[in-house]
Amino acid sequence: MHKILLAGDGSEHSERAVAYLIGLIRDGVLIGGKIEIHLAHIRPMLPERVSRTMTSEEVDRHYQEGCDSACRTAIAMLQNEGVEFTCHTGVGAPAESIVSSAKKLHCNSIMMGTHGAGFIEGVLLGSVATKVIHLTELPVTLVK
């Protein structure tokens, strides 16, 4: 069985990755047995200066609402196509958490959208996709 971690952040870029995966499934490109899709969204931690002004319930609600919002479209797209998946959410450093989740779930590959920032922007701003590629030994499919 091929297990794919489909990482998303709710952006149009991650929606394109979902559409790309759906297309691969629909076109029969992913052959050779059953596939298992794990949709994952990781919320970055709030800065301490912000979280310390909030109650624990407010912090939890912030993370839950953010995860719900980020996953809403991807979930609808997969469900509309009848694609089975499991949704995973978490809080932490996105790249590290994506790689850790893929390992924990015994995934064979990672798929994610990329904003397609150029080299300079990637170096200066950092990129979750770039970090994922450097942190994992799994094949990573980036959809622009």
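A single entry from GLY82, GLY90, GLY28 fulfils the requirement of being surrounded by 14 or more Cβ atoms within 10 Å (Cβ to Cβ) and without any contact (Cβ under 8 Å) to a residue 60 or more places away in the chain: GLY90. Of the residues making up region 64-75, not a single one is acidic (Asp, Glu), modelled with pLDDT of 95 or more and not in a loop (DSSP other than H, G, I, E, B). With respect to GLY32, is the statement that it is in a helix (DSSP H, G or I) and modelled with pLDDT under 95 true? It is false that GLY32 is in a helix (DSSP H, G or I) and modelled with pLDDT under 95. Checking each residue in region 36-63 for being part of a helix (DSSP H, G or I) and either hydrophobic (A, V, I, L, M, F, W, C) or surrounded by fewer than 16 Cβ atoms within 10 Å (Cβ to Cβ) (or both) picks out GLU48, ARG49, VAL50, SER51, SER56, GLU57, GLU58, VAL59, ASP60, ARG61.
Taken together, THR130, THR89, THR136 contain a single residue that is at pLDDT 95 or above and among the hydroxyl-bearing types (Ser, Thr, Tyr), which is THR136.
If you filter region 94-127 down to residues that are in a loop (DSSP other than H, G, I, E, B) and at pLDDT 95 or above, you find that the one that is nearest to MET45 (Cα to Cα) is LEU105.
Of all residues in region 80-111, those satisfying the criterion of being out of contact with any His (no Cβ under 9 Å at 6 or more places or on another chain) and of a type in the set (A, V, I, L, M, F, W, C) are VAL83, VAL91, ALA93, ILE98, VAL99, ILE110, MET111. Checking the structure you have, find out if any residue of region 70-86 is under 12 Å from the mean Cα position of the chain (by Cα), basic (Lys, Arg) and closer than 17 Å to SER11 by Cα. There is no residue in region 70-86 that is under 12 Å from the mean Cα position of the chain (by Cα), basic (Lys, Arg) and closer than 17 Å to SER11 by Cα.
The values are calculated or read from the model by the stated rules, or taken from the named source; none is laboratory data. Just so it is clear, the structure is predicted and the values come from calculations on it, not from any experiment. Positions of Cβ are backbone-derived with ideal geometry, glycine not excepted, and every protein chain shown enters the neighbour counts.
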